[in-house]
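Novice: What follows is a structure written as structure tokens; I'll ask about it next.
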Amino acid sequence: MEKKRVNAVVVGAGAGGGVAAKELSEAGLSVVLFERGGLVTHEDHGNDELTAQRSFPLACAFGPDNERYRRVYRDLQGNERVVLPNEWDYQNNAACVGSGTVCYGAMAWRFMEEDFKMKSTYGTVEGSTLEDWPISYEDLEPYYEKAEWEIGVAGDDSINPYAPWRRKPHPMPAFHHNREARILESAAKDLGYHPFSIPMLRNSVPYNGRRVCAHVRQCVGFACPVDAKNGTQNTVIPTAIETGNCELKIHCKVAELLTNDQGRLTGVSYFDENDQKQIQPADIIVLAASATETPRLMLNSTSKHFPNGIGNRYDWVGRNLQGHAYCGADGLFEHEVYTGEGPGASVAICDFNHHNEGYVGGAMLANEFIKLPYAYSSGYRPPGSARWGQEHKDFQKRYYRRNASIRGPVQEMPNYESRVQVSREVRDHWGIPVAKISGYKLDEDIQTAEFIADKAEKWLQAAGAVETWKSIPGKGVSGSQHQAGTCRMGDDPQTSVTNKYGQVHGVDNLFIADGSLHVTNGGFNPVLTIMALGYWVSDYIVKEWQHGNRF
Amino acid sequence: MTPDDLLNNVSRRTFLKISAIWTGGAWIVGIPGLSSQSYDVLTREEADIMDLLADCMVPPDDFAGGKEAGVTNFIDQQISRNGYLTEDRDLYKTCLPALNRTPLKEYKKHFLTLDRDARIEYLKKLERGFYDHSTAEEIWEPFIPSHFFAKMRDQCLMGFYGSPKHGGNNNYVSYRMIRF
Ligand SMILES: Cc1cc2nc3c(=O)[nH]c(=O)nc-3n(C[C@H](O)[C@H](O)[C@H](O)COP(=O)(O)OP(=O)(O)OC[C@H]3O[C@@H](n4cnc5c(N)ncnc54)[C@H](O)[C@@H]3O)c2cc1C
């Protein structure tokens, strides 16, 4: 059935899509915001580690479900297999209103100035499609500010000498450290590093009518029991709906972008909550379905004018998939460092994000979130340790409160072969070809990770750890929670998918506003940058719209 | 009381509710020393094998072992029709009896009757793939002994360390043990 035409369809109610829906509806455009998942609250899953969104051995509480969703994963040897959402190789983020922003760790990083000009900073890297962004930190700065104030961030950049410049401070004061972070903070200072409290999308004071953080242990991977974690589901999406201009359609799965005979985009088709196929006509479409699902939708939308998928004339859609080359170190202590004061991750340094002699890029380093009991039992021990039996149980008892870890998201060098394609054989519940993920990390990424892990290990040793060991990532492609880069922005239509406003080259009424746009993914968790881009792209659409441009 | 305490209280109450239903309905009287809970999917013998495995993965000491913590109940619930691991049902139904019989040739005993040291030695061999290509192979088919071991080990840890709402971690024993 064909629905009433609206000005804009936004596909995906996650980080970028939530922001776009709010900005467009506030400016008076009529908007339909599609989300394939539903509303997930703390009441739905409580403190259940086995279905939480961080290690999910039984299921993903924040979606998608194992019954209707599949992907194909191609490993380094070229073997392909079908993977379910709660397997690592599915590379899941989430699927619900707010997506990952409901259950994230809430680190709220601005990328640094260098992160927007990686090629100018590091030159050509063999085997990499490394490029500068078509926009600079300066362009995005006001939009970072908007994200911080509208969604809500606690932090204090004044103690981080590497923080990029800013016009306005964070809206809430920084969080204090728990015992573990205090120990690490003083060790970092001894080493001459510059530790500070991680900026967080959590309330350090009451904010926007919601409460202050309760420091629960089950934070990352869970919805907040006191609603003190700020995602799009409790900020911009409700605001969008309150304008009266935005309709949120949940459990609606967008299937395809529709074009007419002239090659103009006219709307989307979708399956509603009863699996009935519907058509939603729109003047413009904003894709914010995540760095895996946005390219999948574009590649699945073939037509006479777009035989290789929409926006894919030069075969860049789905390329340059990046997450982070996560690395770090773990350490065991003689005394207890654990206090149960959550969320755990608290102290960070940016001393090694850039300008590491002989390496490309780098990462911020931060202490790890509280490890939950099952996760701790299945990892976080020195290589060669017992994996079961009395020795394993003794380790659990002795070290649960006597360990600390430091991790860093090493910025990856993008490459053309790390990519999202659509499968020829495998389809999902609705008969739509699923995403196929393949690729690898470059040797440079692993080398940088080794360098950064070494710094993490030295930091733990300085803090008094009696035994330490490093964790270095494998060569496999990364995406998952930090997936980005698959529809990069750029000035040249032959080597990018959108222009600097997220407008798809050659398809004037199609925009992208999610992690797909990232040219490079910083040495930081990406969500604040994705939110800032949501504001940036929307601002362009609204200004043009108000000047009468109907794209 | 912080909201975290509050939540833990709520979960504790929920747990009490669950265990009341459970003790009210599912326990039957049996041979002293042997657990005699009835299960959805596992037979008595399979459950005994699973109990012993659970105690090998997490041995009892000052704190409950895998068996007392309800790991077998966790596995049984998860491989039942409404569980999260339904697809592993055949794996357990085939591999538990195979695991019990495999030591017959070498040790002249079933797994269930091996003494402690032999049991651990046998499981270590199983874990390392020693039986993957042995004559014992056919009773495991189509599964591979070391693959079963890896999955079983992981799922025992889930049952012991995961939320009691899934049927294991009785009385939050693992949380108390590590002082989470
Ligand atoms: C446990 C966890 C911890 C994290 N911690 C942090 C952190 O501390 N800091 C940080 O910066 N980032 C963190 N992240 C990552 C962060 O959540 C993501 O970077 C961010 O959500 C990505 O934004 P996006 O807009 O690109 O996509 P998403 O936010 O994933 O939004 C995409 C949405 O589109 C929907 N969708 C997809 N396809 C369709 C379709 N066909 N029809 C309808 N809807 C569709 C999806 O269901 C989803 O809701 C974390 C994520 C997780 C899961």
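The values are calculated or read from the model by the stated rules, or taken from the named source; none is laboratory data. Owing to the predicted nature of the structure, the values given are computational and were not obtained by experimental measurement. We place every Cβ from the backbone using ideal geometry, glycine too, and count neighbours over all the protein chains shown. Areas reflect the complete protein model, heavy atoms only, side chains present, ligands, DNA and RNA absent. Shrake-Rupley method; radii C 1.70, N 1.55, O 1.52, S 1.80 Å.
Novice: Are there helices (runs of 4 or more DSSP H) fully within region B:137-180 with at least 1 residues that are closer than 23 Å to A:Asn403 by Cα and either in contact with a helix residue (DSSP H, G or I) (Cβ under 9 Å, 6 or more places away or on another chain) or within 7 Å of another protein chain (Cβ to nearest Cβ) (or both)? List them.
Specialist: Fully inside region B:137-180 and qualifying: B:145-161, B:173-178.
Novice: Please give the number of the condition A:Arg202 fails out of (1) within 14 Å of chain B (Cβ to nearest Cβ); (2) out of contact with any strand residue (DSSP E or B) (no Cβ under 7 Å at 6 or more places or on another chain); (3) under 25 Å from A:Tyr144 (Cβ atoms).
Specialist: (2)
Novice: Can I ask one more? Do any residues in region A:492-518 that are free of Cβ contacts under 8 Å to residues at least 60 places away in the same chain have Cβ atoms under 6 Å from those of residues that are open to solvent by 10 Å² or more (accessible area, probe 1.4 Å) and not in a strand (DSSP E or B), where the two are at least six apart or on different chains, and which pairs are they?
Specialist: A:Tyr501/A:Tyr540; A:Asp508/A:Phe551
Novice: I'm trying to understand the selection: among the residues of region A:468-491, which are closer than 27 Å to A:Trp88 by Cβ and either more than 16 Å from the ligand (Cβ to nearest atom) or free of Cβ contacts under 8 Å to residues at least 60 places away in the same chain (or both)?
Specialist: Within region A:468-491, A:Thr468, A:Trp469, A:Lys470, A:Ser471, A:Ile472, A:Pro473, A:Gly474, A:Lys475, A:Gly476, A:Val477 qualify.
Novice: Just to check your reading of the model, which residue among A:Trp536, A:Trp545, A:Trp459 is within 15 Å of the ligand (Cβ to nearest atom) and outside any strand (DSSP E or B)?
Specialist: Of A:Trp536, A:Trp545, A:Trp459, the one residue that is within 15 Å of the ligand (Cβ to nearest atom) and outside any strand (DSSP E or B) is A:Trp536.
Novice: Right, next: Which condition number in (1) open to solvent by less than 40 Å² (accessible area, probe 1.4 Å); (2) farther than 24 Å from A:Leu140 by Cβ is the one that A:Val212 fails?
Specialist: Unmet condition: (1).
Novice: In addition: Give me the pairs, please: first residue somewhere in region A:211-231 and within 22 Å of A:Asn93 (Cβ to Cβ), second residue anywhere and of a type in the set (Ser, Thr, Tyr) and open to solvent by 20 Å² or more (accessible area, probe 1.4 Å), beta-carbon distance under 6 Å, and either six or more positions apart or on two chains.
Specialist: Short answer, once both residue conditions are applied: A:Ala223/A:Thr41.
Novice: Let me ask you something else. Is it true that B:Glu121 is under 19 Å from A:Arg387 (Cβ atoms), in contact (Cβ under 8 Å) with a residue 24 or more places away in the chain and either within 13 Å of another protein chain (Cβ to nearest Cβ) or acidic (Asp, Glu) (or both)?
Specialist: Spelling it out, it is not the case that B:Glu121 is under 19 Å from A:Arg387 (Cβ atoms), in contact (Cβ under 8 Å) with a residue 24 or more places away in the chain and either within 13 Å of another protein chain (Cβ to nearest Cβ) or acidic (Asp, Glu) (or both).
Residue-by-condition table, conditions (1) under 30 Å from A:Asp394 (Cβ atoms); (2) more than 10 Å from chain A (Cβ to nearest Cβ); (3) at pLDDT below 95:
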{"position": "B:Val10", "(1), (2), (3)": "no, no, yes"}
{"position": "B:Phe15", "(1), (2), (3)": "yes, yes, yes"}
{"position": "B:Ile21", "(1), (2), (3)": "no, yes, yes"}
{"position": "B:Pro59", "(1), (2), (3)": "yes, no, no"}
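Novice: With within 14 Å of chain B (Cβ to nearest Cβ), within 11 Å of the ligand (Cβ to nearest atom) and within 26 Å of the chain's Cα centre (by Cα) as the only criterion, which of A:Cys224, A:Cys219 stands out?
Specialist: Step by step, each of A:Cys224, A:Cys219 is checked, and only A:Cys219 is within 14 Å of chain B (Cβ to nearest Cβ), within 11 Å of the ligand (Cβ to nearest atom) and within 26 Å of the chain's Cα centre (by Cα).
Novice: Among the residues of region A:76-92, is any without any contact (Cβ under 8 Å) to a residue 12 or more places away in the chain, part of a strand (DSSP E or B) and not hydroxyl-bearing (Ser, Thr, Tyr)?
Specialist: Yes, there is a match, as at least one residue in region A:76-92 is without any contact (Cβ under 8 Å) to a residue 12 or more places away in the chain, part of a strand (DSSP E or B) and not hydroxyl-bearing (Ser, Thr, Tyr).
Novice: Right, here's the next one. Go through region A:233-324 and tell me which strands (runs of 3 or more DSSP E), entirely inside it, have 1 or more residues that are more than 16 Å from the ligand (Cβ to nearest atom) and of a type in the set (A, V, I, L, M).
Specialist: Answer list for region A:233-324: A:277-287.
Novice: Can you tell me which residue among A:Val519, A:Val507 is touching a strand residue (DSSP E or B) at 6+ places or on another chain (Cβ under 8 Å), away from the ligand (no atom under 16 Å from the Cβ), farther than 21 Å from A:Phe369 by Cα and assigned to a loop (DSSP other than H, G, I, E, B)?
Specialist: A:Val507
Novice: Return the residue satisfying two criteria in turn: it lies in region A:61-70 and is more than 9 Å from the ligand (Cβ to nearest atom) and free of Cβ contacts under 8 Å to residues at least 40 places away in the same chain, and of such residues it is surrounded by the most Cβ atoms within 10 Å (Cβ to Cβ).
Specialist: Filtering first and then ranking leaves A:Asn66.
Each row is one residue, and each column tells you yes or no for (1) in contact with a Leu (Cβ under 9 Å, 6 or more places away or on another chain); (2) surrounded by fewer than 24 Cβ atoms within 10 Å (Cβ to Cβ); (3) under 25 Å from A:Thr486 (Cβ atoms).
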site	(1), (2), (3)
A:Asn308	yes, yes, yes
A:Gly311	yes, no, yes
A:Trp316	no, no, yes
A:Cys327	no, no, yes
A:Thr339	no, yes, no
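Novice: Give A:Ala228, A:Ala240 a once-over and let me know the one that is touching a Cys at 6+ places or on another chain (Cβ under 8 Å), of a type outside the set (Val, Ile, Thr), closer than 20 Å to A:Glu26 by Cα and crowded, with 23+ Cβ neighbours inside 10 Å.
Specialist: It is A:Ala240.
Novice: Scan (1) open to solvent by less than 40 Å² (accessible area, probe 1.4 Å); (2) within 16 Å of the ligand (Cβ to nearest atom); (3) more than 14 Å from chain B (Cβ to nearest Cβ); (4) more than 18 Å from A:Ala484 (Cα to Cα) for the single condition A:Ala52 breaks and write down its number.
Specialist: Checking A:Ala52 against (1) open to solvent by less than 40 Å² (accessible area, probe 1.4 Å); (2) within 16 Å of the ligand (Cβ to nearest atom); (3) more than 14 Å from chain B (Cβ to nearest Cβ); (4) more than 18 Å from A:Ala484 (Cα to Cα), the one that fails is (3).
Novice: Follow-up question, since we're still on this one. Can you pull out the residues in region B:89-118 that are touching a residue at least 24 places away in the same chain (Cβ under 8 Å) and among the polar types (S, T, N, Q)?
Specialist: Matches in region B:89-118: B:Thr94, B:Asn100, B:Thr102.
Novice: List, please: which pairs have Cβ atoms under 7 Å, are six or more places apart or on different chains, and start with a residue in region A:6-18 that is within 14 Å of chain B (Cβ to nearest Cβ) and more than 6 Å from the ligand (Cβ to nearest atom) and end with one that is open to solvent by 10 Å² or more (accessible area, probe 1.4 Å) and charged (D, E, K, R)?
Specialist: Going by the 7 Å Cβ cut-off, there are no qualifying pairs.
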